[in-house]
Amino acid sequence: MMSKIKIAQSINIKQMKNIQYTLKALALLILFTLQASYSQAQAITPKEPMMVNAKITPTGELEITPSKTSSKNDFDYLAGKWTMHNKRLKTRLNNCTEWVEYESTDENSGPILNGIGNTDIFKTAYNQVNGALYEGLTLRLFNPETKLWSLYWADSNVGAMDPPVVGSFEGNIGRFYCKDTFNGKPVIVMFKWDKTDKDNPVWSQAFSPDNGLTWEMNLTNTSHRIKQ
């Protein structure tokens with residue numbers, strides 16, 4: 001009789017250990033899932049307001065207003081030649097966390113059109129489309145009436161101007177927005193310029209797939225002025 005009790009107790013202990021192992025495994029699985037979900041959310045959730053001087057109206061329009069200090073001189077700091085370190089997400093709006101890094105050069109014309117515009121030429125050996133030398137052109141125009149900048153981009157792969165991003169600088173931070181499509185889906189595009197360090201300004205691009213509720217930064221670069 002005692003041996004049967006010992007056997008039963010032994011079986012119960014084994015069952016309890018199996019249950020404990022199972023519970024531990026489930027806890028680890030839940031923790032891993034939560035961490036993965038948190039990491040994915042972090043990749044697309046901003047730590048600061050992104051829609052500044054811009055909003056989506058009740059009719060779904062993108063409404064952009066200039067800052068009080070918006071000026072035709074906002075981009076004068078970009079005149080000259082630059083080297084640039086670039087980072088881009090390998091894929092976009094896909095919870096991707098892998099970045100591709102590459103170098104480039106850029107030359108800015110300085111003010112044109114009596115000071116209300118400027119252009120730059122971007123060049124890099126990195127081209128994710130065909131491996132050829134990649135060149136891009138930016139045309140920036142300031143509207144004296146609306147006090148808003150429009151930034152146009154074209155590159156050697158497509159040969160057409162993207163829809164302009166429109167906005168202004170608030171202090172040293174400039175934000176410029178437009179509605180566009182990515183892989184056939186509507187997005188809001190934002191360019192952000194940070195000219196706090198005018199010899200090493202930082203630019204970034206972000207997409208929002210949900211009218212500005214969440215954002216994914218997918219491209220950024222830091223420029224370094226080439227001093228003559």
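The values are calculated or read from the model by the stated rules, or taken from the named source; none is laboratory data. Keep in mind it's a predicted model, so treat the numbers as computed, not measured. Here Cβ is always computed from backbone atoms with ideal geometry, including for glycine, and neighbour counts include all displayed protein chains. What goes into the accessible areas is simple: the full protein's heavy atoms, side chains included, and nothing from ligands, DNA or RNA. Shrake-Rupley method; radii C 1.70, N 1.55, O 1.52, S 1.80 Å.
Tabulated values for the structure
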item	result
Set K192, K198, K147: member being closer than 27 Å to E63 by Cβ, in contact (Cβ under 8 Å) with a residue 60 or more places away in the chain and basic (K, R)	K147
Lone qualifier among T222, T196 - being surrounded by 13 or more Cβ atoms within 10 Å (Cβ to Cβ) and under 26 Å from D76 (Cβ atoms)	T222
Members of the range 83-115 found to be out of contact with any His (no Cβ under 9 Å at 6 or more places or on another chain) and open to solvent by less than 50 Å² (accessible area, probe 1.4 Å), listed by number	N86, R88, L89, R92, C96, V100, D106, N108, G110, G115
Residue in the range 72-84 that is more than 25 Å from T119 (Cα to Cα) and either among the basic types (K, R) or free of Cβ contacts under 8 Å to residues at least 24 places away in the same chain (or both) present	no
Sole residue being assigned to a loop (DSSP other than H, G, I, E, B), among the acidic types (D, E) and in contact with a Gly (Cβ under 8 Å, 6 or more places away or on another chain), chosen from D162, D74	D74
Among the candidates S204, S156, residue that is out of contact with any Gly (no Cβ under 6 Å at 6 or more places or on another chain), touching a residue at least 12 places away in the same chain (Cβ under 8 Å) and open to solvent by less than 50 Å² (accessible area, probe 1.4 Å)	S204
Residue among N95, N108 that alone is at pLDDT below 95 and touching a helix residue (DSSP H, G or I) at 6+ places or on another chain (Cβ under 8 Å)	N95
S204 assigned to a strand (DSSP E or B) and within 18 Å of T83 (Cα to Cα)	yes
Index of the failed condition, L62 passing every other in (1) without any contact (Cβ under 8 Å) to a residue 40 or more places away in the chain; (2) open to solvent by 30 Å² or more (accessible area, probe 1.4 Å)	(1)
Inter-residue pairs, beta-carbon under 8 Å, first over 18 Å from T222 (Cα atoms) and in the range 89-113, second of a type in the set (D, E) and buried (at least 16 other Cβ atoms within 10 Å of the Cβ), 6+ apart	R92/E216; L93/E216; S109/D120
Options L213, L133; residue that is open to solvent by 30 Å² or more (accessible area, probe 1.4 Å) and under 17 Å from the mean Cα position of the chain (by Cα)	L213
